[in-house]
Amino acid sequence: MTNHYIDLKNADVILIMGSNAAEHHPMAFKWILRAKEKGAQIIHVDPRYTRTSARCDYHVPLRSGTDIAFLGGMINYIASNDKFFHDYVVNYTNAPFLVNPDFQFNDGLFSGYNPEKRKYDKATWTFQMDANGVPMKDFTLQDPRCVFQLMKQHYSRYTLDKVSSITGVSKENLLKVYEAYASTGVPDKAGTECYALGWTHHTTGSQIIRTMSMIQLLLGNMGIAGGGVNALRGEPNVQGSTDHCILYGNLPGYLKMLNTSCPDLKTYLEHYTPKCNDPQSANFYINYPKFTVSFLKAMYGDAATPENEFGYNWLPKLDDGKHYSLMHLFDKMYEGKIKGLFSYGTDPAVSSPNSGKVRKALEKLDFLVSANIFDNETCSFWHGPGVDPTQVKTECFLLPAAATMEKEGSQSNSGRWVQWKYKAVNPPEDALAIGDIQIRIMDTIKALYAKEGGPNAESILNLKWDYKDGKGNFDALKVAKQINGYWLADSTYEDKLTGATKDFKKGELVPSFGMLRDDGTTSCGNWIMSGSFDEKGLNKMAKREKDDPTGLGLYPNWAYCWPVNRRIIYNRASCDVNGKPYNPKRKILAWTGDKWVGDVPDGPWPPQADKEKGKYPFIMKQDGVGSLFGPGMVEGPFPEHYEPLEGPLAKNPLSNQLINPTIEIFKSELDTVANASEKFPYVCTTYSCTEHWCSGALTRWQAWLLEMQPELYVEIGEQLARDLRIGNADWVHVSSARGRVKCRAMVTKRFVPFKVEGKTVHQVGLPFNYGWLYPEDGSDSTNFLTPTVGDANTFCPEYKAFMVNVERA
Amino acid sequence: MKDIEDILQKLERLAARAMERNPHSAGVVSAFRPLIMARARLVDSLDLAGRGEFTLDENLFRQGIPVARQNAWFREDDPFAPVALSLISPLKTGFPDLNSTWERFTGLIDGKKIVLPDFFRSYPAGGDDLLASWAQLLEADVRIPAFLASSVARVILERRALDWAGLVQDFEWEKGYCPLCGSPPNISRHLEGTGQRWLHCPQCNHEWRFRRVVCPCCENDDQKTMSYFTIDEKEQESAFGCEMCKSYLVTVLKVSGTAEFDPDIAALSLSHIDIIMQEKGYLPMVQPEWSTFA
Amino acid sequence: MEITRRGFLALSGAVGSQAALGAFGLMGPVKAYADELSKANKVKASKQYTTVCAYCSCGCGLICSVDYMTGKIFNIEGDPENPINEGSLCAKGAGFFDLTEANKHRLRKVQYRAPYSDKWEEKDWDWALNRIARLTKDARDKDFVVTNEKGELVNRTESVAHLGSSNIDNEECWLISMSVRSMGLVYIDHQARV
Amino acid sequence: MKEHKMEYVKLIDTTLCTACRGCQVACKQWNENPASKTQNHGSYQNPQDLEWNTWTLIRFQEYTDTDGNFKWLFRKDGCMHCTDAACVRACPSGALHHTDYGVVAHNREICIGCKACTSACPFDIPRYNKTTEKIYKCDLCYDRLKNGQPAACVKACITGAITMGEKETMIKKAYDRVEKLGGKAVVYGDKFVGGTHVMYILSEPPAVYDKLPVKPSVPMSVILWKNLFKPFTLIGMGAIAGAAALHYLIKGPHEVHEKKEGEE
C-alpha cells in the first residue's frame, strides 16, 4: 500500500474495486466504515453483490476481466471534462514530457511489437531529449506529442457506449461512479482505491493497477492522506516475504536477479543503475550499487572481497528473458526436470492454477520436503483422489512447524508496518520454527559440502551462517540486525545537504540506508529495512508508543514502517511546489523554510520551487515525477483493454488484438484453452469467503468455521439457473477445458446477466478454499478449472476470468 | 455530575455485592463504607476557592510533569479542619474501638493544637516529624494521624482533580503515575472487549489509561520479566507483578464499560490479593488503605 | 522530578510492607483466606506476550496469556494498544486460539513417507535432516549447470525448487531467500505470486 | 435489592452488520457449544436454523424492495428476552424464569423437556435436544452480566453493529439512529410483549424479514394455561406427570404446529 489501513478513515470517496474488503479484510472495512460515518462515499464495483456491497453506498456489477475498460472510461471522462488537478499534473507527473515521434499506437498494438517472440522492442517508447539529455516538456500540455495529449487521444476510444458494451455496466452506473470519483480531483478532497486479488488475478493485472495509479495522479490523490492506491494483501507477512524476495526475479530489497547479460558486477551495476541528467530529479536508485554491494557483504561476510567482486559470480544467473515463476516451476516439474521441491507453509496442490497438471507434476518428484503446522493436500498428494501410492516414487518429508505465536520475529502488514512479535510458548513436541528448520538443513548441507565438495561449493561454504543463539537455536534478533546492516569499518558519514558529519565505529548498526557504501565497508541484508534499528541497537519494530501528533492515524512511534518510517509514500506531493500543503485540514507534511515537518518526508531536499537544491517529489522514479506514460511495463506505456485468455468474445471490441500480446502461452497437453466456445459459455471467477482463508489449509481444520462454510458451492444467477433447470442446493458439475469439479448450486440474485456486445453473457463464481484432504466430503480444489496463464509482467495467474459450463450432476 | 443520591446508591450496591462475593473481607469493607460514603458526599458539596486559576504547560506535561506539580497542591484557605471534622463520625461508626482517639482528635483541632495547614503547606515532602508530634498528642500509633491527613488530602484533591481533569483531556499521558496529582496507582482494571488497562489514583480518585505489558512503576517493557497472577474460579481477580522493581498492582479483569465499578471498594474487597502478593515478596506501588488498621 | 513511591509511603506512615496484621482483627479472616488460596495453589501465575494475527495482512495485534506452570496458552485477546484493531478482532482472529496446540490436528512429529509406501512413518530430526541433505546435494550436483549452452557462467541448479511462504516471519524469509540462492536454486517462488 | 435492578438492552443495528459471523463463533466459544456437521443448502446461512447448540444465527435474505433495489439483509436471530415472556408463562416447572437485567434465564436442571415453550414463543426460539431431553436458548450471557461483562457476541462485534447498555439509553440511541438513517428504517422490539431486551434497527419494514413476526404476542393458549390450569396441576398431580398429560390434552402430539398470530 502507498498509504496504510488507518489512513482509509481520511478519505472522502473510497472506490472498492478488485476487493471484497468486508469479507476478507474486516479490520480494513472498520476503517472504511469510520470514513463513511464522517460522510465519505463508498462505492463497490465487483462482478458479484457481496457482503461488502451490502454496506456500501451502491454496488456496480461488471463482467470479470474488463477493469481496464471501466477505468479507461474514467480517464477519458476526467481528461475530456477537465476534472484533473492541473497544478499537480503539470508539476508532479510526466504529462508535459514530449514523446519520441516514432512512438505509435494503432489497432491494439504499440510500435515495436515482435509477434513471434510476443515481445516489444521498446526503442520508440522514449522521450525527446534536449541538448543536455533532459526530456523536453510543454507545460501548457497542448503539444500533440506531449504525454497528456497522447493519453487523452488513446483513451478517447473508451467512450461510454464502448465501455458499457465491453463491461456490461449501464451508462448511468458508469457516469455515477466517474462523477463521484472524479470529484476528488480538487486540493481539499481525497479519494482512495482498495484492491486485492480481484485486480491482480488477470493477464492484464499489473496494467489494471497502473490505470488506477494514472487516475490517482490525474486527480492529485497520490501521496496525500486518504489517497494513494492501497493493496489489501491476503497473507499476514506477504509484504515481508515479497520485500525479502522469495521470488525468482529479485534479490532482497527488489534488487534485480543476476542474468547472463551481466557477466560481472561492473556490467550488472552499469545496467541497473538508472541515470538522469535533470539536476532536480533525485533519482534515488543512483544508490543501487551501495544496496547491491552491501547485500553481497551481508550474504558472504568476509569471504566477499573487492577482488572476487564480493562473490558476484557465486550467485546463480538466470538466462536472459527466461522466467522461473510458480507456473514455469510446475511446467518444468511436469516435464520431469525438477527432482526435489521444498514446500514451506503453502498448499500449491490447491492454490496453484490447473490443479490437475500440478498434481500430475508432483508425482514426478524424487523428493518433497514440506514444513507446515497442519497437513494439507500438497504434503499428502501421494494418497490423493485417483492416485495409487504404490506407483508414486516420491520420498516425502512432513516437518512439523511452529505457528506464529510460537516464535519471535517480525511481520510486515500490507501497510508496510513491520511489527515485532514475541514468543508466547514453545511449539508442540518436535515442531520447530521454519527458521530453525532452515538453519538445521543448511548446517547439514554445508557439512556435506565441506566433506565431499561439489560444483560451486564455495558459494555454500562461504555463506555467512552464524545466526544461532547460545543454545544453537535460530536467533531472529541476530538475523534482523544483519538485515538492518552493520558498519564493517570505522567511518564518518557526511550529510551532503546539511554538511553535518557523524562518526560510526566498526560493528555498530547502520541507522539508515542513506549511509550505505558500495566499497564493502557496510553490510545490509535488505536496504529497504535498513533503519529498523538505531546505531545503539534499539529495535524500532518493537516500539509501542501511541502518540499521533498529526491526528491522521500515522502513529510514527508504533512499530517501524519501511522505508525510514515513512508512513505515506510520495508524501511531498501533498504540498505545492513551494512546500505549502494543498489541504491544510489534512496536513501530513509542510515545508517550514528550512525543513519538512510532519511525516518522514519522501526525500529531505527542499521543494522543487528551490531551483538550486529542490527536488521533484517522486524520488524513486528516474525523472522524479509520476508516470502517466509508463515505458517500464512490458505490454505498453498506456494500459489497453485486452480480453482474458479465455473469454466470451471472439473479437476485442476495441481492436483486433484479442488478448494481451505479451503474455506467455504454456503449451503442455494439459494447458488447453477454449475461448468463445459454446461448450463453455459462462464467464467464471473465483474468490474466498470470510469464514475460510486462502486454500483453507488452516481454517478447514476448525470446527466452528467449517460449520458455517462446509462445502464447495457455485454461485449462479437466478435466470441462468432457470434456463439450466438447476434448483437451489442441487449438486452440479462445473467444467472447463481443463477439468471439472462437483459442488452445490447456490441460486442467487447477486449475480446478474450482462449485456456484452449485444449478447447476454452469464457469470458464475466459486470459492477456492476446499481440498480433498479435509473434510472428506467437502469436494476438491476449484483450481482444476483455472488456466495456466498469468500477467505479462508478474506471472500472477488469471484466476478471475475464464469460461466454464454448468450442468446438473 | 450524576447527582449525589445516585452515587451513594451505587456505592451502597457495590459495597453490598463486594461483601457478598468476598465474605472474608466483608469486615474491612463494612468498616470503611461510612468513610467512603462521607468522602463522596464531601467531594460533592465542597466548593474550593481558586477554581479557574490552574495552568497547564503542554510540554512539561508531555515530559511527565503532572498538573499538581505545575500548580499549588493546596491553598491556605482550603477547608482542612471542616473536612477533617466531618470525617470523624464515619470513622467512629467504622472503627468504634478507636473512639477515644477520634474524640481527642476533634478536641485537638478545635483547641488549635493540631493546625492542619502546617502539614499541607510542605505537601507531600515533609510532615513526618509533624505526624510524630500529632501521634503523641493523640497518644496513638503514627499511622492514625497519617491516615487522617491522607483522607483529608484525598477529599480536597478529588474535588480539585475534577477541575484539573478538563485541562488534560486531549493530551497523551504515557506515565504510570497519576497525570493530575502524580500518585502511583493502587488498583487497575481491564475493560472487557478491548482489554484496555485503566489505572486508579488513590489520592485524587482519577482514572487514566496505561499500556498493557508495561510496568507502571519502573516502565520496564521486557515482557519476559512481568508476571500475572489469577485466582482459580475467580476469573476477574488478578494481580500484575514486575520482576525488575518487584512491585505489584491488584488488577480487576474483564470489567464492562457500562458496568458499575468503584476502585476503592474493589481494593478493600480484594485485599487478600495484597497479602498473597506481599508474601510472594512484591511491594505495593502505594500503601493500601486497609494497612493503617491491619 | 517524578513523585517517588517512597514519598507516598512516608505520607501514610507505614513504610514496611508487612504491617502488623491482625492488630485490629479486621484483617484476620482476609489473611486466613489468602493462606488457604496459596496452600491449595489456587493462585495461577502467567505471562502475557504481544503477537500479530496470522491470517490476512491487516496486522491486528494480539495478547497471549500463558500459564507459567504448564507453559500453555490459556487465553488470546485483542491488543488494545495496537492502533489498527484497538483490541477488537474479526471472526477468524477471535478463533486464533484454534491455531495453538489446543487444536488436535496440529502436526507434532517429523513424518516420512518412503517411495511407493501408503503411510507416514514417524522419524527423528537427525535422520530426516541427513536424508534431506543427501537428497538435495545429489539432486543439485547431478545436473548442476556451470555454464549454459552459450557458454556463459551461470552456476545454477534447475533440478531443485523452493516454494513458500508468506506466512512466516521476515527474518525467516530473508534466511530462506539468501540460503537457497547460495545453493544455486533459480526456481524460487511463494504464494505472493498467487 | 431486587426492585432497583438495572435493565440491559442488546441493540442489533442491522445497517452496520457485515455478516462476518464473529458473534456466531464467539457465542459457541463462550457457551462451549459444539459445531454440528452441516451441508451447504444453497445459502451462506449455516447452520440452517437455531439449534440446541446454536443460540444465535445470522439469517441471510436476498430482497428486492418495492422500487426494485436489490438488498442483502442480515439479521442476527436469537432469544428476544421479552418482558412479558410467553415461554415463562407456559413453563410448568419454572425452569424458564425472569431474572434481573431483564434476562429470561433457563435453569436446565429442573427443565422437564415438555416443550411447552417451543410452541408458546412468538419468535420460535427455544430448541429441544432429544438426547438430553432439555430445551436450549440464548441467556444473554447472564453469568457474564453478573460479572459486569458484556455478552460474548457484543464483545466480538467489530463494526459496532451489536451494542449493549442500560435500557433507556439504548432505546433513545435506537430512535436517534433511525431518525439519522431516514428511509424505511424502524426500531423493533419496544412496542410488544411488554418490550424486549433484545431490539433491532431494521432498514426495511419488519414484515420483510423472514421468521420475524410483525406483531408478536403471547398466544391465548398460554394465557389460558397460566391462569386456569397451571395452579391445579402443580398442586394435584405433581410436576412431571401433570405437565405431560396437560401438554397432550391441550396440544395433542407435539408435531402439530399451532398457527401463531401475525405469522404469514
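Every number here is computed from the coordinates shown, using simple stated rules; none is lab data. This structure is a prediction, so every number in the text was calculated from the model and none was measured. Don't worry about glycine lacking a Cβ; one is built from the backbone with ideal geometry, like all the others, and counts go over all protein chains shown.
Quick notes on this structure:
- For q = 0.18 Å⁻¹, Debye-computed log10 I/I(0) when each Cα of segment A:326-461 counts as one equal scatterer: -1.13
- The convex hull around the C-alpha trace of segment C:152-194, projected and averaged over every direction, spans 3.4 square nanometres.
- Ratio Rg/Rh, restricted to segment B:4-168 and using Cα atoms, in which Rh is the Kirkwood radius: 1.00
- Too-long pairs where the Cα-Cα distance tops 22 Å, listed order kept, from A:Lys496/A:Lys615; A:Lys800/D:Lys71; A:Lys332/A:Lys364: A:Lys800/D:Lys71
- Net +/- balance of residues flanking C:Met69 in space, Cβ distance below 15 Å, scoring K and R +1, D and E -1: +3
- Per-residue shielding of A:475-485, expressed as the average number of other chain Cβ atoms within 10 Å of the residue Cβ, stands at 3.
- Taking the Cα centre of chain B as reference, the dipole from Cβ charges on Lys and Arg (+1) and Asp and Glu (-1) amounts to some 120 debye.
- Set of aspartates and glutamates with alpha-carbon distance to C:Lys44 below 20 Å, sequence-local pairs under 8 removed: B:Asp232, B:Glu233, B:Glu235, B:Glu237, B:Glu243, B:Asp274, B:Glu279, C:Asp35, C:Glu36, C:Asp67, C:Glu77
- Peptides ranked, highest mean first, by Cβ atoms within 10 Å: ranges D:90-102, D:56-68: D:90-102, D:56-68
- Spatial offset of segment A:135-165 relative to segment D:25-62 amounts to 54 Å, using the alpha carbon center of each.
- Expressed in units of 2.2 N^0.38 Å, where N is the residue count, the Cα radius of gyration of segment A:1-104 is 1.31.
- Binning the alpha carbon pair distances of chain A at 20 angstrom intervals from zero yields the distribution 15, 49, 34, 3, expressed in whole percent.
- In this structure, B:Asp163 and B:Arg17 have a Cβ-Cβ separation that, at R0 = 30 Å, corresponds to a calculated FRET efficiency of about 0.45.
- Antiparallel %, DSSP beta bridges [both residues in the protein assembly as shown], to 5: 65
- Taking 0.36 nm per residue of separation and subtracting the Cα-Cα distance, full extension of the segment from A:Lys759 to A:Lys38 would add 255.4 nm.
- Bins of 20 Å, starting at 0 and running to the largest distance - Cα pair percent for the protein assembly as shown: 8, 32, 36, 19, 5, 0
- Dipole orientation for the protein assembly as shown: of the candidates A:Ala95, C:Ala91, A:Ile16, C:Ala91 has the Cα lying most toward the positive pole (charges on Cβ; Lys, Arg +1; Asp, Glu -1).
- Taking label points 7 Å from Cα along the Cα-to-Cβ direction, B:Glu139 and B:Ser100 give a separation of 0.5 nm.
- Simple label model, 7 Å out from Cα along Cβ direction - D:Glu32 to B:Glu233, nm: 1.5
- Across segment B:187-293, the mean sequence separation of Cα contacts (distance under 8 Å, 6 or more residues apart), normalised by length, yields a relative contact order of 25 percent.
- Cα lying deepest toward the dipole's positive end in segment A:691-773, options A:Trp701, A:Val752, A:Asn769, charges on Cβ: A:Val752
- Coordinate range of the alpha-carbon atoms in chain B per principal axis, descending: 56, 47, 39 Å.
- Radius of gyration and maximum dimension Dmax of segment A:6-231, Cα, Å: 18.2, 58
- Note on chain A: antiparallel DSSP beta bridges, both residues inside, total approximately 55 percent of the bridges counted.
- Backbone HN-Hα couplings from phi across segment A:543-550 [Karplus 6.51/-1.76/1.60, Hz, Gly and Pro as x]: 6, 9, 7, 10, 6, 9, x, 6
- The simple Förster model, with R0 at 56 Å and r as the Cβ-Cβ distance, assigns A:Ala703 and B:Lys113 a FRET efficiency of 0.15.
- Rounded to the nearest 20 debye, the dipole magnitude of segment B:187-293 is 340 debye, with +1 charges on Lys and Arg beta carbons, -1 on Asp and Glu beta carbons, and the Cα centre as origin.
- Among the listed pairs B:Lys224/B:Lys280; A:Lys446/C:Lys119; C:Lys92/D:Lys130; C:Lys42/D:Lys146; A:Lys38/D:Lys173; C:Lys92/D:Lys37, those with a Cα-Cα distance over 24 Å are A:Lys446/C:Lys119; C:Lys92/D:Lys130.
- Trypsin sites (Lys or Arg not before Pro) restricted to segment B:1-34 and DSSP loop, no more than 13 other C-beta within 10 Å: B:Lys2
- Centre-to-centre separation between the Cα atoms of segment A:289-360 and those of segment A:73-88: 43 Å.
- Cβ neighbours within 10 Å from other chains - mean over D:67-78: 2
- Neighbour cut-off at most 13 other Cβ (10 Å), DSSP loop, trypsin sites (Lys or Arg not before Pro), segment A:233-303: A:Lys275
- Relative pair counts by distance (%), Cα atoms of segment A:47-162, 10 Å bins: 12, 31, 32, 18, 8, 1
- Chain C shape via C-alpha gyration tensor axes, a/c threshold 1.5: prolate
- CD proxy at 222 nm, helix term only [per DSSP H run n ≥ 4: -39500 (n - 2.57); per residue of chain A; nearest 500]: -6000 deg cm²/dmol
- Each residue, D:Thr131 and C:Glu152, gets one label point 7 Å from its Cα in the Cβ direction; the gap between the two is 6.8 nm.
- The simple Förster model, with R0 at 30 Å and r as the Cβ-Cβ distance, assigns B:Leu60 and B:Arg209 a FRET efficiency of 0.90.
- Spatially close lysines, pair count over segment A:630-755: Cα under 23 Å, gap of eight or more or interchain: 6
- The charge dipole of the protein assembly as shown, taken about its Cα centre with unit charges on the Cβ atoms of Lys, Arg (+1), Asp and Glu (-1) only, comes to about 1520 debye.
- Set of lysines with alpha-carbon distance to B:Lys92 below 27 Å, sequence-local pairs under 8 removed: B:Lys10, B:Lys112, B:Lys113, C:Lys31
- Across chain B, the mean sequence separation of Cα contacts (distance under 8 Å, 6 or more residues apart), normalised by length, yields a relative contact order of 18 percent.
- Averaged over A:520-529, number of beta-carbon atoms from partner chains that fall within 10 Å: 1
- The alpha-carbon of D:Lys134 sits under 17 angstrom from the alpha-carbons of these lysines, leaving out residues fewer than 8 places away in its chain: D:Lys115.
- Loop-resident sites, segment A:762-809, for GluC sites (Glu not before Pro), counting at most 10 other Cβ within 10 Å (DSSP): A:Glu776
- Computed Rg/Rh of segment D:35-181, alpha carbon atoms with Kirkwood Rh: 0.99
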